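Trainee: Have a look at this one before I ask anything.
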Amino acid sequence: MTRLMLSAIIALSAAACGQPNDTDVVNVYSARHYDSDAAAYARFTEETGIEINLVEASGDLLIERIRTDGDRSPADVVITVDAARLHRAEQAGLFAQTDFSTIAAGVPDRFVDPDGYWVGFALRARVIAYAEDRVDPAEISSYMDLADPRWQGRICIRSSDNAYNQSLLASIITHRGEETAEAWARSVVANFARAPQGGDTDQLQAIHAGECDVAVVNHYYYLRLANSDDPGNQDVADGIGLIFPAGESGTHVNISGAGIAANAPHPENAEALIRFLLSESGQRAYAELTNEFPAVDGTAFDNPSVRDLMGFQADTLNMSTLGDHSEAARRVFDRAGWP
Ligand code: FE
């Protein structure tokens, strides 16, 4: 019997039992839990025949779990949001070094780890949301403007233990230094309408409720409300405008990223999945279902609301610098008294 026939029989019997052959599996450890991911994974399995075993946990727990499992970890691909968290995972030794030059050929360099441990596959902008009936958007052109006393008692933003805020502050530290970043954070705290609470959607709802006039949120939370079938959500978005900071450093951008696990039992399938995430079908899923921006330049997708927001002046920092300044950002938040 030839090897080919033998492997065909094994594949058939695996299919007959409804159990994927162990070689046709990829174990994905993900901190994301969106419909777009489920859709992307389903398309991946359809296209490649490789089944996905999904393990979900919040970002830092996920890192901890893989780290403690060590070389017994079944993880093949690690997926999480936020560049600083990817950096922490990298420092914990979770990723295998990978040559992304062809895998991520369409992704701008700044979204690919220079050491080859992870790659961004979807982008998000952290923008300034404002109440259209109470704020003249000409008054804000950069994050720095949020320090102005005119916003006293008018800003809503989530707490400093949130990764999105830490990476925003890390970008400010990178561009302007720790001292300026601290003075900025202190002034923003002085302008809080209320103590930080809730997630980004809660800040948008607080604008709608008149509790504050300005908030800092990731763009897709706004689009999720605006594109919702629920008239209540549409109503929240209707009265809110978005400012994409321009000028010197532009709009802060962060990534959802993936890397091949250091002890991946199925490294080839892991690579196949990352290639898929960066393929047109993968990229489409994120732009169409979670309103994220594609990481691959020139991706075709069908979501006018995302398309309409594109073309803003994005910060050109390499994502790896956010991780480099993440510790400093936490210290600055502490010193500035940002809860
Ligand atoms: Fe989010």
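The values are calculated or read from the model by the stated rules, or taken from the named source; none is laboratory data. All figures in this text were calculated on a predicted structure; none of them were measured in a lab. Positions of Cβ are generated from backbone atoms using ideal geometry, with glycine treated the same way; all protein chains shown enter the neighbour counts.
Trainee: Scanning the stretch 60-103 for residues that are at positive phi and more than 20 Å from the chain's Cα centre (by Cα), which turns out surrounded by the most Cβ atoms within 10 Å (Cβ to Cβ)?
Mentor: Just the residues of the stretch 60-103 that are at positive phi, to begin with: 70, 82, 93.
Still in the running and more than 20 Å from the chain's Cα centre (by Cα): 70, 93.
Values: Gly70: 10, Gly93: 13.
Looking at the filtered set, the residue picked out is Gly93.
Conditions (1) away from the ligand (no atom under 16 Å from the Cβ); (2) more than 22 Å from Ser73 (Cα to Cα); (3) hydroxyl-bearing (Ser, Thr, Tyr); (4) in a loop (DSSP other than H, G, I, E, B), marked per residue:
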site: Arg224; (1), (2), (3), (4): no, yes, no, no
site: Gly241; (1), (2), (3), (4): yes, yes, no, no
site: Pro245; (1), (2), (3), (4): yes, yes, no, yes
site: Ile260; (1), (2), (3), (4): yes, no, no, no
site: Ala264; (1), (2), (3), (4): yes, no, no, yes
site: Ser281; (1), (2), (3), (4): yes, yes, yes, no
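Trainee: Next question. Would you confirm whether or not the stretch 205-215 contains a residue that is within 16 Å of the ligand (Cβ to nearest atom) and modelled with pLDDT of 95 or more? Spell out how you get there, then give the answer.
Mentor: Within the stretch 205-215, the first condition is being within 16 Å of the ligand (Cβ to nearest atom), and the residues that meet it are 205, 215.
Restricting the remaining residues to those that are modelled with pLDDT of 95 or more gives 205, 215.
Yes, the conditions are met somewhere in the stretch 205-215.
Trainee: For the stretch 231-240, give me the residue count where each residue is closer than 23 Å to Ala195 by Cβ and free of Cβ contacts under 8 Å to residues at least 60 places away in the same chain. It would help to see each step written out before you state the result.
Mentor: First pass over the stretch 231-240, keeping only residues closer than 23 Å to Ala195 by Cβ: 236, 240.
With the extra rule that they be free of Cβ contacts under 8 Å to residues at least 60 places away in the same chain, the set shrinks to 236.
The total comes to 1.
Trainee: Residue pairs, Cβ under 8 Å, 6 or more apart or interchain, first in the stretch 76-103 and under 18 Å from Val28 (Cβ atoms) and without any contact (Cβ under 8 Å) to a residue 40 or more places away in the chain, second in a loop (DSSP other than H, G, I, E, B) and within 16 Å of the ligand (Cβ to nearest atom). List them.
Mentor: Partner pairs satisfying both residue conditions: none exist.
Trainee: How many of the residues making up the stretch 156-185 are farther than 18 Å from Arg110 by Cβ and in contact with a helix residue (DSSP H, G or I) (Cβ under 7 Å, 6 or more places away or on another chain)?
Mentor: Residues flagged as farther than 18 Å from Arg110 by Cβ and in contact with a helix residue (DSSP H, G or I) (Cβ under 7 Å, 6 or more places away or on another chain) within the stretch 156-185 amount to 12.
Trainee: Of the residues Leu278, Leu225, which is within 21 Å of the chain's Cα centre (by Cα), of a type outside the set (Val, Ile, Thr) and under 29 Å from His175 (Cβ atoms)? Break it down into steps so the answer makes sense when it comes.
Mentor: Numbers: Leu225 fails: under 29 Å from His175 (Cβ atoms).
Just a single option satisfies the conditions, and that option is Leu278.
Trainee: Starting from the stretch 217-230, take each residue that is over 19 Å from Ile155 (Cα atoms) and list its partners that are within 15 Å of the ligand (Cβ to nearest atom) and in a strand (DSSP E or B), counting only C-beta distances under 7 angstrom and pairs at least six apart or across chains.
Mentor: Pairs that qualify, where the first residue is over 19 Å from Ile155 (Cα atoms) and the partner is within 15 Å of the ligand (Cβ to nearest atom) and in a strand (DSSP E or B), are Tyr220/Arg124.
Trainee: Name the residue that is farthest from Tyr130 (Cα to Cα), counting only residues in the stretch 151-198 that are assigned to a helix (DSSP H, G or I) and of a type in the set (Val, Ile, Thr). Let's see the steps before the verdict.
Mentor: First, pick out the residues of the stretch 151-198 that are assigned to a helix (DSSP H, G or I): 151, 163-176, 178-190.
After this cut, where a residue has to be of a type in the set (Val, Ile, Thr) as well, the list is 172-174, 180, 188-189.
Working: Ile172: 21, Ile173: 24, Thr174: 26, Thr180: 24, Val188: 15, Val189: 17 Å.
Here the residue is Thr174.
Trainee: Something else now. So Gly199 fits all but one of (1) surrounded by fewer than 18 Cβ atoms within 10 Å (Cβ to Cβ); (2) more than 13 Å from the ligand (Cβ to nearest atom); (3) closer than 16 Å to Asn162 by Cα; what number is the exception?
Mentor: (2)
Trainee: Any residue at all in the stretch 108-129 that is more than 23 Å from Tyr29 (Cβ to Cβ), free of Cβ contacts under 8 Å to residues at least 60 places away in the same chain and out of contact with any Pro (no Cβ under 6 Å at 6 or more places or on another chain)?
Mentor: no
Trainee: Hey, Glu182 hits all of (1) more than 16 Å from the ligand (Cβ to nearest atom); (2) touching a Cys at 6+ places or on another chain (Cβ under 8 Å) but one; which does it fall short on?
Mentor: (2)
Trainee: So which residues in the stretch 35-54 are touching a residue at least 40 places away in the same chain (Cβ under 8 Å) and outside any helix (DSSP H, G or I)?
Mentor: Result: Ile50, Ile52.
Trainee: Out of all the residues in the stretch 290-304, which are surrounded by fewer than 17 Cβ atoms within 10 Å (Cβ to Cβ) and either within 18 Å of the chain's Cα centre (by Cα) or closer than 15 Å to Thr48 by Cβ (or both)?
Mentor: The answer is Asp297, and nothing else.
Trainee: Now, a different point. Would you mind stating whether Ile140 is β-branched (Val, Ile, Thr), more than 16 Å from the ligand (Cβ to nearest atom), over 18 Å from the mean Cα position of the chain (by Cα) and more than 15 Å from Asp334 (Cα to Cα)? Don't jump to the end; show me each part of the working.
Mentor: On the way: β-branched (Val, Ile, Thr): yes; more than 16 Å from the ligand (Cβ to nearest atom): yes; over 18 Å from the mean Cα position of the chain (by Cα): yes; more than 15 Å from Asp334 (Cα to Cα): yes.
So Ile140 passes the test.
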